[in-house]
Amino acid sequence: MRFRRRSYPFAAIVFLAVGIALVLLGFYSLAHASCYRCEHRSSEAKHEFEVVTGHPHGWRGHVVDHVIPLACGGEDSPRNMQWQTIAEGKAKDRWERNCPIWGGRTYPSMPVTPAVSR
């Protein structure tokens, strides 16, 4: 008596789908578990800064920025925050990518604008 080989295409598809899902889940968890850029910003500290500087509902055309980035060891408090125009914020974000924590490069020096500007 010869045994006939059976094929289970549905089982193969399920097995492949589960495998792909596990691989993607693994990449996702690794990316977020060791993420240096995952900063925890306090909305209370930001609101306190906005109230103290006289713009409790934000300032049109400006963003609240950290003088020393959180990812580079800066604290999340109003004394480490400043108002920047959107263009200034984008420019600062470009050079903040050189943070020593992110790539081992030196922290660039850039003049800091005053915390309160009107």
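Give all pairs with beta carbons closer than 7 Å in which a residue from segment 49-72 that is on the phi < 0 side of the Ramachandran plot meets a residue that is among the acidic types (Asp, Glu) and in a loop (DSSP other than H, G, I, E, B); count only pairs at least 6 apart in sequence or on separate chains.
Leu70/Glu39; Leu70/Asp76; Ala71/Glu39
Considering segment 59-118 alone, what residues qualify as being surrounded by 14 or more Cβ atoms within 10 Å (Cβ to Cβ), at pLDDT 75 or above and among the hydroxyl-bearing types (Ser, Thr, Tyr)?
Within segment 59-118, just Thr85 meets the criteria.
Which of the residues spanning segment 45-54 are surrounded by 15 or more Cβ atoms within 10 Å (Cβ to Cβ) and part of a helix (DSSP H, G or I)? Steps first, answer last, please.
Narrowing segment 45-54 to residues surrounded by 15 or more Cβ atoms within 10 Å (Cβ to Cβ): 45-50, 53.
Hits for segment 45-54 are Ala45, Lys46, His47, Glu48, Phe49, Glu50.
Restricting attention to segment 1-44, and to residues there that are surrounded by 10 or more Cβ atoms within 10 Å (Cβ to Cβ) and not in a helix (DSSP H, G or I), which single residue is modelled with the highest pLDDT?
My answer is Ser42.
Which of the residues that make up segment 55-79 are assigned to a strand (DSSP E or B) and among the polar types (S, T, N, Q)?
In the first step, residues of segment 55-79 are kept if they are assigned to a strand (DSSP E or B); the result is 62-66.
Result: no residue meets the conditions.
The values are calculated or read from the model by the stated rules, or taken from the named source; none is laboratory data. These figures come from a predicted structure and were not determined experimentally. Cβ: placed from backbone, ideal geometry, glycine included. Neighbour counts: every protein chain shown.
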